[in-house]
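Beneath this line is the structure, given in structure tokens, with notes to follow.
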Amino acid sequence: VLLSYTGNDKNVVIPDNVVKIANYAFRDGGNAEAIETITLGKKVSVVETYALEGCVNLKAVTLSEKNDTLKTQNNAVLSSDGKQLIYLNATENLTSYTVPNGVERIGSYAFVNSNLTELIFPDSVTTLDSFAVIFNDTLEKVSLGGVVEISERAFYNNIALKTVELPKATVISEAAFSGCSALETVNLPNV
């Protein structure tokens, strides 16, 4: 289990003998802000929800060619059961993104510094963890389909975000939209 990464590399390669990356593994090591890419070794089968927290300059999370325990779908790295979106590998020409159906939870730092202008969540997604969608300077619209719980600072510092659709939300935690200075419209359910 990788409990804490203390190296200074910008491009981190997780060794093949690691099977799990613990919550806050990169943040607690003290070098999270310098990390730009992470390659998950062949045995990594679990990336805990808050494992990537602190990686504010992350540009890509990839799987070793030998890793057959996690999966990728539509540019995203997903848990083996497809229920947690770990990270979206955004590209310059990807401006609108729909989370794959079947994903239930969006992990911390899953959408950090993407080039997206629109983000759409299917009804299967019910939970956004803290710092799930952060530091996206171009993101203008978010449709949260079936999301019922938005954790603290889930949309932290998305400075272009103008419109949020929350048709089923029942829990919106403290500072969920902190730093979203352009926010004009939030459509809430009738509750």
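The values are calculated or read from the model by the stated rules, or taken from the named source; none is laboratory data. For clarity, every value in this text was computed on a predicted model and none was experimentally measured. All Cβ positions, glycine included, derive from the backbone under ideal geometry; neighbour counts span all protein chains shown. Note: accessible area is taken over every heavy atom of the protein model, side chains too, but ligands, DNA and RNA are not part of it. Shrake-Rupley method; radii C 1.70, N 1.55, O 1.52, S 1.80 Å.
Normalised by the empirical 2.2 N^0.38 Å for globular proteins, what value does the Cα Rg of segment 58-138 take?
The value comes to 1.02.
Using packing as a proxy for protection, rank 16-23, 136-143, 5-12 so that the peptide with the highest average count of other Cβ atoms within 10 Å comes first.
Going by the mean number of other Cβ atoms within 10 Å, highest first, we get 136-143, 16-23, 5-12.
Measure off, as a whole percent, the carbon and sulfur share of the 1.4 Å-probe accessible area of the chain, all protein chains present.
44 percent
Counting only C-alpha contacts under 8 Å and six or more residues apart, can you give the relative contact order of segment 34-93 as a whole percent?
Relative contact order, segment 34-93: 33 percent.
Can you tally the net charge around residue 94? Count Lys and Arg as +1, Asp and Glu as -1, for every other residue whose Cβ sits under 14 Å from the Cβ of residue 94.
Residues close to residue 94 contribute a combined charge of -1.
Once the other residues with Cβ under 15 Å from the Cβ of residue 53 are scored (Lys, Arg +1; Asp, Glu -1), what is the net sum?
Net of charged neighbours comes to -2.
Packing-wise, with mean Cβ within 10 Å as the measure, how do 171-177, 54-60 rank, highest first?
Descending mean neighbour count gives 54-60, 171-177.
Got the relative contact order for the chain handy, in percent, Cα pairs under 8 Å and 6 or more residues apart?
12 percent
State the antiparallel share, in %, of DSSP beta bridges confined to segment 67-147, rounding to the nearest 5.
35 percent
In the structure displayed, which of 20/162; 141/168; 83/168; 20/59 lie more than 27 Å apart, Cα to Cα?
Going by Cα-Cα distance, 20/162 fall outside the 27 Å limit.
Choose one of 113, 69, 127: the residue whose Cα lies farthest towards the positive end of the charge dipole of the chain (beta-carbon charges +1 Lys, Arg; -1 Asp, Glu; about the Cα centre).
Towards the positive end, the residue furthest out is 69.
Share of antiparallel DSSP beta bridges in the chain, in percent to the nearest 5?
DSSP beta bridges in the chain are roughly 15 percent antiparallel.
Hey, got the Cα dimensions of segment 1-69 along the principal axes, in Å, largest first?
Reported extents, whole Å, longest axis first: 28, 19, 19.
Just to be sure I understand, if you calculate percent of Cα pairs over 21 Å apart for this structure, which of (1) 46; (2) 52; (3) 58 do you get?
Correct label, based on the coordinates given: (1).
Tally Lys and Arg at +1 and Asp and Glu at -1 over the other residues with C-beta under 11 Å from the C-beta of residue 69: what net charge comes out?
Here the count lands on +3.
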